Amino acid sequence: MGLSSTSTNPQSNLSLGLPSPTVPSRRTQIADDSISLQLDSSLRDPSHPVPPFPLQLLEPHTENHNRNLSGETGKESGSDDDDDDEGREVEEFRILGHSMCLKRRKDNDSLSSSSSSKRMAVEPGLEGRKAAVRSWGNQPLCVADPDLFGIMEQEKRRQFMGIELIASENFVCRAVMEALGSHLTNKYSEGMPGARYYGGNQFIDEIETLCWKRALEVFGLDAESWGVNVQPYSCTSANFAVFTGLLLPGDRIMGLDTPSGGNTSHGCYTPNGRKVSCASIFFESFPYKVNPQTGCIDYDKLEERALDFRPKILICGGSSYPREWDYARFRQIADKCCAVLLCDMAQISGLIAAKECANPFDYCDIVTSTTHKSLRGPRGGIIFYRRGTKPKKRGMLSNQGDDNDQYDFEEKINFAVFPSLQGGPHNNHIAALAIALKQVATPEYKAYMHQVKKNAQALASALLRRNCRLVTGGTDNHLLLWDLRPLRLTGKIYEKVCEMCHITLNKITIYGENGTICPGGVRIGTPAMTSRGCLESDFETVADFLLRAVQITNMVREHGKLQLKVLQNNKDILELRTQVETFASQFAMPGFDI
Ligand SMILES: Cc1ncc(COP(=O)(O)O)c(C=O)c1O
């Protein structure tokens, strides 16, 4: 049976009343002004003609009725409703999540003129309805979902008690959390400020334009020359939006090889040739690599490969690269092969904003980033693009294949973000980003970023002093890559043991000197613990813990393979874990109390 929803229709043979939250004593007939459903005649089954009498939905939900829905079917028992239901068939179903009861009257009685006033009489009062909304709408999480609440509390404790060394993680402030968990999640606002597909966006427009303004300001950009899109849900989607906006399927891109420290969203293949990210599925990606001896990007080889491959987009920026990027050299290479130069500054955007790293905006055409790493905002992505008049001799003049002397990234990128790849922006995220960017503009944030870098250097020299091998021999930013192969460990095993000792870091592949790759190292970053107030001397202690974890890993491995169950009760691991937790829990935690 096909049903189509209509507004009031006196001739309708189905009428529907939503169940009310309170329980009236009697059901009444639905009046003519109720929402109604009509049978779609084109969908009627001729073998089952629709009865010539009206169908009526029962409005209220009595206890008996609820019981009936969960078990018995058909006619309800007890109460004077029985009288009302005599001579009627009762059918139950759900609509808009509400349990409904359909009554098909078998007699010919029509709707009485008094039905409207009867309905008024059983309608719940405003106070009752308010209470009903509050009962599902205003419960705190611990009441609404104690199971989930319990798990979330455990995660809180894990974050507080451990040493967090994942280079791409950070701890956001309370204000960012408040915005993320706010009413802004309720609003649909597809489109851009001033040009939305929905009404009611005057405040959302204000939030997004404020966010634009702050984003440009923190990177010292002039709105005449740079535009920004703050809607991408992540940096992977931001990068893909750039490719989608500027390229055709099969066009060529070139980024740092994943084993060399590049990100999968720049195009990635497994050693057996499997295409991993959409960037490599829909576009032709060809990587450049680090020099296996030095661990640094080999710019001469990069140039050679780029001139052979002629990518339309050349990408600088990566996930695990501890050294400075030579943007001027990238620009030269991009110009030589007429490529657009994209920088993915996800890892180092905070350092760039604080002028602790070289500035890609001086040389690149498009810059993308995550917003949740060193930038210390909510999880998401952002895209900056050049706008206005193109400078002469920039590669993209010829690359774009038109005589236009104006950049045309803005429209292409914005259209790729929405509607090509995304729907409505996450306004709670955009507000939270605006808050984070306000912080980024402060001298305190600049001091924080300076400390992040000093801490990374302190940790690097503490490890080097203990004869550890770091890829490239050190760091220029917030992260270091520890080659564990001389210690006869793999990144996977070491990561596991560290996790058991409540130290969180992640395994990485290391480029072997002969060009082979193996998961022989770990990546360690300082932004998260610096957000908790750690200084260089604290990272000396962290180095001691890391070395102790190496000893333990070697010891437990001497007794054969790593057995997780055995490790859980290992005395050395438990002892180190206690020391780590005692150390970590002395520091403040941004965002929440514990
Ligand atoms: C350089 C770089 N780009 C992109 C990403 C992916 O970011 P997201 O998780 O927001 O998609 C990362 C994540 O670590 C990254 O390091």
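Computed from the coordinates by the stated procedures, all read-outs in this text should not be read as laboratory data. Owing to the predicted nature of the structure, the values given are computational and were not obtained by experimental measurement. Note: ideal-geometry Cβ built from the backbone for every residue, glycine included; neighbour counts use all protein chains shown.
The charge dipole of the stretch 443-584, taken about its Cα centre with unit charges on the Cβ atoms of Lys, Arg (+1), Asp and Glu (-1) only, comes to about 380 debye.
First measure r as the distance between the Cβ atoms of residue 544 and residue 127, then evaluate 1/(1 + (r/R0)^6) with R0 = 56 Å and state the FRET efficiency to the nearest 0.05. It comes to 0.30. Note on residue 308/residue 518: beta-carbon distance plugged into 1/(1 + (r/R0)^6) with R0 of 41 Å gives a FRET efficiency of 0.90.
As a rough guide to protection, the peptides 312-321, 277-286 ranked by mean Cβ packing within 10 Å, highest first, stand as 312-321, 277-286. Working ranking of peptides 568-577, 260-269 by packing, defined as the average number of other Cβ atoms within 10 Å per residue, highest first, is 260-269, 568-577. When only alpha carbons are used to place a centre, the stretch 423-450 and the stretch 331-378 end up 17 Å from one another. In this Cβ point-charge picture (+1 for Lys and Arg, -1 for Asp and Glu), the stretch 434-513 has a dipole of about 140 debye about its Cα centre. A dipole drawn for the stretch 459-594 from +1 and -1 charges on Cβ atoms has a positive end, and of 534, 584, 494 the residue lying farthest that way is 494.
Under the simplified labelling scheme, the residue 293-residue 183 pair shows an inter-label distance of 6.5 nm, with each label point 7 Å from Cα along Cα→Cβ. This model, with +1 at the C-beta of Lys and Arg and -1 at the C-beta of Asp and Glu, gives the stretch 526-589 a dipole about its Cα centre of some 400 debye. Here the translational diffusion coefficient of the stretch 227-421 follows from Stokes-Einstein with Rh set to the Kirkwood radius across Cα pairs; for 37 °C and 0.692 mPa s it amounts to 199 µm²/s. Once the chain from residue 138 to residue 579 is taken as fully extended at 0.36 nm per residue, the excess over their C-alpha distance is 154.6 nm.
Put simply, the Cα atoms of the stretch 179-267 extend 45, 29, 28 Å along their principal axes, the longest span coming first.
Projection of the Cα convex hull of the stretch 431-528, averaged over all directions and equal to a quarter of that hull's surface, yields 8.0 nm².
For the peptides 420-426, 245-251, 151-157, residues were scored by their other Cβ atoms within 10 Å and the scores averaged per peptide; the highest-first order is 420-426, 245-251, 151-157.
Computed extension gain for residue 197 through residue 359, at 0.36 nm per residue and net of the alpha carbon distance, reaches 54.7 nm. With 26 Å as the limit, the listed pairs 187/312; 289/392; 454/507; 213/355; 373/565 have 187/312; 289/392; 373/565 beyond it between alpha carbons. One Cα centroid belongs to the stretch 146-196, the other to the stretch 237-251; the line between them spans 28 Å.
In this rough spin-label picture, where each label sits 7 Å from Cα along the Cβ direction, the residue 152-residue 446 distance is 3.7 nm.
The stretch 212-234 and the stretch 539-594 have Cα centres separated by 41 Å.
Think of the stretch 208-296 as having a plus end and a minus end, set by charges on the Cβ of Lys, Arg, Asp and Glu; of 243, 269, 221, 269 sits farthest toward the positive end of this dipole.
Taking other residues whose beta carbon is less than 11 angstrom from the beta carbon of residue 310, and scoring Lys, Arg as +1 and Asp, Glu as -1, yields +1.
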